[in-house]
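Heads up, the thing below is written out as structure tokens.
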């Protein structure tokens, strides 16, 4: 008997069993599932309305984001910790696509394809060693990646901060305490998330390379004013305000930028 004939025979047996002993899945069980799904959706909508219009479930929004913070460590929601740690493994720009799209997509395709590839009726775990081992490896891998992602320390700022001495030497401000403090502040404030500086960082939203910012002769006062209100100085600038850093820190940053002549 062919596989197709076997499936047809099982389906006919199912129809006979339903006729003799019970009700078919459609429409009885499907109706129950639909009603339960509707109840769940209604509960979610009700909770969303309670959250929106009352304080019972907590505040709708938290405090405004502070772009001047130097202590905040970004973390995704817990169910994305595994992906968060994959990005740490594939941290080079050329390989980021593997962690964000490649590996998750391949695994999802395999998961969807399994019911169509493996059509055996055998369900005893002792008779399915490959499936059991694969499932155990997946669970362990997800668990390890989630744990690693949850306990990982933020190293990006410290890596950029480690480049400050080489910046100072190349730019010639190694004996300027104010510029050195500004360079350290530049690294701690994650400015290289948008700007590049002597090959460090990335260019986002058209943010310029600041390696030769000081060669433009803009001056300390201009740099401070720009850091306080970028859109006021440069109309349409998407850069956030860093006024929260305070006058002293803004002056250090401005001194560092003005000391950046392009490197030797």
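What about residue 236, is it within 12 Å of residue 256 (Cα to Cα) and surrounded by fewer than 17 Cβ atoms within 10 Å (Cβ to Cβ)?
no
Can you say whether residue 7 is loosely packed, with under 10 Cβ neighbours inside 10 Å and outside the structural domain of residue 181 (by TED's automatic domain parsing), as far as the supplied structure shows?
Against the criterion (loosely packed, with under 10 Cβ neighbours inside 10 Å and outside the structural domain of residue 181 (by TED's automatic domain parsing)), residue 7 does not qualify.
In this structure, does residue 75 turn out to be surrounded by 12 or more Cβ atoms within 10 Å (Cβ to Cβ), out of contact with any helix residue (DSSP H, G or I) (no Cβ under 7 Å at 6 or more places or on another chain) and not in a helix (DSSP H, G or I)?
Yes.
Considering 90, 112, 82, which residue is out of contact with any strand residue (DSSP E or B) (no Cβ under 9 Å at 6 or more places or on another chain) and in contact (Cβ under 8 Å) with a residue 24 or more places away in the chain?
82
For the range 90-186, which fully contained helices (runs of 4 or more DSSP H) count at least 2 residues that are at pLDDT 85 or above and either surrounded by 12 or more Cβ atoms within 10 Å (Cβ to Cβ) or out of contact with any helix residue (DSSP H, G or I) (no Cβ under 6 Å at 6 or more places or on another chain) (or both)?
In the range 90-186, the matching helices (runs of 4 or more DSSP H) lie at 103-117, 129-151, 164-171.
Pick out the one residue from 28, 81, 53 that is at pLDDT 80 or above and under 16 Å from the mean Cα position of the chain (by Cα). Step through it out loud before you land on a result.
Details: 28 fails: under 16 Å from the mean Cα position of the chain (by Cα); 53 fails: under 16 Å from the mean Cα position of the chain (by Cα).
One residue alone meets the criteria, 81.
Quick check on the range 212-252: of everything there that is within 16 Å of residue 187 (Cα to Cα) and under 28 Å from the mean Cα position of the chain (by Cα), which residue is modelled with the highest pLDDT?
Going through the qualifying residues, I end up with 227.
Restricting attention to the range 196-206, does a residue exist that is assigned by TED's automatic domain parsing to the domain that holds residue 246, assigned to a helix (DSSP H, G or I) and touching a helix residue (DSSP H, G or I) at 6+ places or on another chain (Cβ under 9 Å)?
No, the conditions are met nowhere in the range 196-206.
Please go through the range 35-58 and give me each residue that is surrounded by 10 or more Cβ atoms within 10 Å (Cβ to Cβ) and touching a helix residue (DSSP H, G or I) at 6+ places or on another chain (Cβ under 9 Å), ordered by number.
57
The values are calculated or read from the model by the stated rules, or taken from the named source; none is laboratory data. These numbers come from a predicted model, not from an experiment. Note that each Cβ is placed from the backbone with ideal geometry, even for glycine, and that neighbours are counted across all protein chains shown.
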